[in-house]
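Only one structure is covered here, and it is reproduced in the block below.
The values are calculated or read from the model by the stated rules, or taken from the named source; none is laboratory data. All figures in this text were calculated on a predicted structure; none of them were measured in a lab. Here the Cβ positions follow ideal geometry from the backbone for every residue, glycine too, while neighbour counts run over all protein chains shown. Heavy atoms of the whole protein, side chains included, go into the accessibility calculation; ligands, DNA and RNA do not. Shrake-Rupley method; radii C 1.70, N 1.55, O 1.52, S 1.80 Å.
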Amino acid sequence: MNIVLFGKNGQLGWEFQRSLPLLGNVAALDRGDLDLCDLAAVQKVLREVRPSLIINASAYTDVDGAETKPDMARTINALAPGVMAETARELGAVLVHYSTDYVFDGGAKTPYTEMDPTNPLNMYGKSKLEGEEHVQQAAGAYLILRTSWVYSLRGNSFVNKVLTWARKNSTLRIVDDQVSGPTWARMLAEITVLALAQNQANGYESIRERSGVYHLAGSGFVSRYEWAKQIVANDPRRAEQTVQGVEPVRSAEFPTPATRPLFSALDCSHFQETFDLQLPPWDRTLELAMAG
Ligand SMILES: NC(=O)c1ccc[n+]([C@@H]2O[C@H](COP(=O)([O-])OP(=O)(O)OC[C@H]3O[C@@H](n4cnc5c(N)ncnc54)[C@H](OP(=O)(O)O)[C@@H]3O)[C@@H](O)[C@H]2O)c1
């Protein structure tokens, strides 16, 4: 089958380039091939390639930047997925789209389920929630996979930032009142491929019957502070570290343009039960990711 992958150079998109060929021929696109702000071009490329599967790994993910560029965030995170979903339905293609734990306000005490009310605190979360709504309204065959704290060992991820800071500073000060589930981009791509592979024989119908919002993230949850400590401990180049200790601080001490939810862990049992797959614990996955 033909597959279109949007966002091939992002954390998740990069990993999809490795695992998607299991399912078919992949046309992988980045910003140079297509700017998602050009909504007509999104529709045109899909009508030309006529894929059976569309993976949207692209997004405007600059959470603070979205506060000053809400229109751009909305176009990329809400309007473009809407066009993908409408065109997918027209072509009889499955759409897999990713959303975020930031659709919640973080006031919960236990992990959020798909039934819990949304209430995004920032423009990024609002734009992603609107994207979910557009995909649902198109009413085709779709999976909206909400995930959290995505990292990879490429680029400017939290893991790489902590590793860099740990080689330059004696103390790291990391917020301990933000809690969620770290999710390795490779695990996210591979679990998605496994879920789709199960249903390949009757792909469109099978996903249409299961269409909806699913939570899909590393199992368990942790504060950013505890996560950073684990990253420092797992560092294979520990001998190069200058860091002596990691200190917990409150989010209020690090004001940012966008307010983040404090507790945004996701309960992933609906995905696990529907697709009969188990999500690995976040800390085992981190160890594996960092072992290279
Ligand atoms: N990162 C997280 O912590 C996190 C948490 C929860 C949910 N998510 C969701 O998970 C999904 C994957 O996130 P990620 O971390 O892999 O994102 P990412 O690394 O920021 O990658 C996003 C990709 O989208 C592309 N893109 C952005 N604007 C574009 C435009 N106008 N035209 C074409 N391409 C454009 C980017 O291209 P450039 O490289 O050229 O900018 C990049 O390749 C997204 O839906 C995100 O909202 C992420």
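A few points about this structure:
- Within straight-line reach of LYS126, meaning a Cα separation under 23 Å, sit the following lysines at least 8 residues removed in sequence or on another chain: LYS69, LYS109.
- For the stretch 251-292, the C-alpha radius of gyration sits at 1.72 times the compact-globule guess of 2.2 N^0.38 Å, with N the residue count.
- Radius of gyration and Dmax over the Cα atoms of the chain, both given in Å: 18.8, 57
- Dipole magnitude of the stretch 43-184, debye to nearest 20 (Cβ charges: Lys/Arg +1, Asp/Glu -1, about Cα centre): 600 debye
- Debye intensity ratio in log₁₀ form over the Cα atoms of the stretch 1-101, taken at each q of 0.21 Å⁻¹: -1.08
- Taking the chain and dividing mean pair separation by its residue count, relative contact order in percent (alpha carbons under 8 Å, at least six apart): 21 percent
- Solvent-accessible heavy-atom area per residue, rounded to whole Å², over the chain at 1.4 Å: 45 Å²
- Furthest towards positive pole of dipole, SER170, PRO70, PHE271, structure part the chain, Cβ charges: SER170
- Over the stretch 10-54, the ratio between the Cα radius of gyration and 2.2 N^0.38 Å evaluates to 1.21.
- Computed over the stretch 180-292, the ratio Rg/Rh where both radii use C-alpha atoms and Rh is Kirkwood: 1.07
- Reduced Cα scattering model of the stretch 97-188, Debye log10 I(q)/I(0), q = 0.11, 0.13, 0.23 Å⁻¹: -0.42, -0.57, -1.27
- Think of the stretch 86-159 as a dipole: +1 on every Lys or Arg Cβ, -1 on every Asp or Glu Cβ, centred on the Cα centre; then among ALA108, SER152, SER127, SER152 lies furthest on the positive end.
- Accessible-area composition of the chain, carbon plus sulfur, in percent [1.4 Å probe]: 48 percent
- Accessible-area ranking of MET187, MET123, largest first, probe 1.4 Å: MET123, MET187
- Longest exposed-site-free window of the chain, the sites being trypsin sites (Lys or Arg not before Pro) in a DSSP loop that have at most 11 other C-beta atoms within 10 Å: 1-108
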